[in-house]
Amino acid sequence: GYNTGQVYGSGGGGSDGRGGGGRRGGGDGGYVQGRPAPDWRRRIKLGALTLVVVVLAVSISTYFWADSKLKREVDLSKVIERPESGDGTNYLIVGSDSREGMSAEEKKRLRTGSAEGKRTDSMMILHDGSNGPTLISLPRDSNVEIPSFVGSESGKTFQGTGRQVKLNAAYAEDGPELLVRTVEFNTGLRIDHYVEIGFGGFAKIVDAIG
């Protein structure tokens, strides 16, 4: 008898009537296994990784391209007890559901709803250094400590009490300045620039890209 080896793919029949996909082995009279199947899982993983890298590169390029169109109104000089500057430049990029600056027609066209106020839906740190840009996502539900801070409107100093909240609560409590202060306090990174993209800013980017 023969030891049967699995053969991948099909080949023409051999002259002895057995399938041509196998190769006669050594002295034991058996067949050795044919060429192994392609590692599709590995290929899929590599393909997915390549796609992520491409999307990230396009996203960063799009951000810099559209950067001049976005509005900045955050005075980082109000942020206290800041970390030392490091190598490179750090941008805190925030996506919010703010409808500020949008006309009634734009709100209707984009179906933004009528919720008041604004909340952070996504937060990322973009570090532009000697090794190129690096983008780090900050989960909005991360547990962080609210440090001491100066109120953005009142100018009053509020002492830190070790209070733990979700990261996006800092923004809801006292706006971008407290969010920057909280991110700096909990990460040890100095934020050099703050960029916020609301519904209106996002719509402009989409329209510009086409």
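What ranking of 187, 50, 182 emerges when the number of other C-beta atoms within 10 Å of each C-beta is taken as an exposure proxy, fewest first?
50, 187, 182
Loop-only trypsin sites (Lys or Arg not before Pro) in the range 143-174, please: DSSP not H, G, I, E or B, and at most 13 other Cβ atoms within 10 Å.
156, 163
Karplus couplings for the range 177-189 from phi (6.51 cos²θ - 1.76 cosθ + 1.60, θ = phi - 60°), rounded to Hz, Gly and Pro as x?
For the range 177-189, the Karplus-derived couplings read 4, 5, 4, 4, 4, 5, 5, 5, 5, 8, 10, x, 9 Hz, x marking Gly and Pro.
Near the amide H of residue 160, under 5 Å away, which other amide H atoms are found, from residues 5 or more places off or on another chain, if H is placed in the peptide plane?
Amide H to amide H, under 5 Å and 5 or more residues apart or across chains, residue 160 pairs with 148, 149.
Under a point spin-label approximation (7 Å from Cα along Cα-to-Cβ), what is the residue 130-residue 187 distance to one decimal in nm?
Simple spin-label model gives 2.1 nm for this pair.
Check each of the GluC sites (Glu not before Pro) in the range 121-180 and keep only those in coil by DSSP with at most 15 other C-beta atoms within 10 angstrom; list them in order.
153
Bear in mind that the values in this text are calculations on the coordinates, not laboratory data. It should be emphasised that the depicted structure is a prediction, and the values quoted were computed from it without experimental measurement. Note that we place each Cβ from the backbone using ideal geometry, even for glycine, and neighbour counts take in every protein chain shown.
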